[in-house]
1. Cut-off 10 angstrom, C-alpha nodes, Gaussian network model of the chain. Which of Val22, Val32, Val143 fluctuates the most?
2. Quick check: Cα centre of segment 13-87 to Cα centre of segment 112-174, how many Å?
3. Please list the helices of the chain that count as membrane-span-like by this rule: a mean Kyte-Doolittle hydropathy of at least 0.0 together with Cα atoms stretching 24 Å or more along the helix axis, each helix being a complete DSSP H run.
4. In 10 Å bins starting at zero, report the fraction of Cα pairs in the chain per bin as a rounded %.
5. Name the most mobile residue of Asp90, Asp56, Asp170, meaning the one with the largest mean-square fluctuation, in a Gaussian network model of the chain with Cα contacts below 10 Å.
6. Rank by packing, highest mean first: peptides 119-127, 152-160, 60-68, with packing defined as the count of other Cβ atoms within 10 Å averaged across residues.
7. Largest first, how would Tyr72, Tyr30 line up by accessible area (1.4 Å probe)?
8. Could you work out the relative contact order of segment 59-171? I mean the mean sequence separation of Cα pairs under 8 Å and 6+ apart, divided by the number of residues, in percent.
Amino acid sequence: MLPNPPLWMTLLAFVCMLGPLVFFHELGHYLVARAFRIPAETFSIGFGREIVGWTDRQGTRWKVAWLPLGGYVKFVGDMNAVSEPGDLDDIPEHLRDRAFQLRPVWQRFLVVLAGPLANFLLAILIFASFIAAVGMPQTNNAVVQVQRGSPAELAGIRPGDRVLSIADRDTPTFEDVASIVILRPGEK
């Protein structure tokens with residue numbers, strides 16, 4: 001890992017992290033809307049002018065836009081990307097009963113809730129994957145470094161030593177060490 005990565009690398013990392021997060025968020029909205037038979041006109045990752053895109057068999061335009069700072073799903077009946085209701089006369093006759101703004105409140109609620117819920121499920125999936133691959137994070141309270149002239153060095157503590165207990169209390173984590181030591185300033 002670079003100690004101070006250049007700005008372009010930081011921006012690239014941000015976009016690479018934000019893109020999948022936005023995709024899963026918007027996919028949550030889209031899939032729940034599809035379950036309620038609410039058609040989508042546009043599924044966009046990013047804002048502004050389209051860089052690349054295609055139209056699927058249901059008529060949804062899937063696109064990636066040049067400003068990758070978010071995304072949106074525009075449903076049939078929406079006037080714009082922020083789901084402001086459009087004029088019902090502008091909706092094709094065969095799709096009017098399926099427009100987002102004409103759906104029951106509970107369906108609209110679930111469509112709106114699905115985006116954040118998809119992000120929550122993605123976070124669980126990522127953490128579960130890390131734990132499955134690497135295992136649960138554990139500490140053995142091994143001392144990594146001792147500052148010269150510190151009370152720890154004067155007490156004879158060396159790198160590699162383990163703190164098992166303090167004041168007859170077990171210290172399985174460094175947080176336990178801190179909580180015991182902080183209450184006893186100056187004690188041996």
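1. Among Val22, Val32, Val143, the largest GNM mean-square fluctuation belongs to Val143.
2. About 40 Å separates the Cα centre of segment 13-87 from the one of segment 112-174.
3. On the way: long enough: 7-35 (42 Å, 1.37); 105-134 (43 Å, 2.00).
Qualifying helices: 7-35, 105-134.
4. Histogramming the chain at 10 Å steps yields 8, 23, 20, 14, 13, 12, 8, 3, 0 percent.
5. In the Gaussian network model the winner is Asp170.
6. Working: 119-127: 12.1, 152-160: 10.3, 60-68: 15.6.
My ranking of the peptides, most packed first, is 60-68, 119-127, 152-160.
7. Working: Tyr72 35, Tyr30 15 Å².
Ranking Tyr72, Tyr30 by accessible area, largest first, yields Tyr72, Tyr30.
8. The normalised contact order for segment 59-171 reaches 12 percent.
The values are calculated or read from the model by the stated rules, or taken from the named source; none is laboratory data. Quantities reported herein were computed from a predicted structural model and do not represent experimental measurements. Methodologically, a virtual Cβ is constructed for each residue, glycine included, from the backbone with ideal geometry; neighbour enumeration extends over all protein chains shown. What goes into the accessible areas is simple: the full protein's heavy atoms, side chains included, and nothing from ligands, DNA or RNA. Shrake-Rupley method; radii C 1.70, N 1.55, O 1.52, S 1.80 Å.
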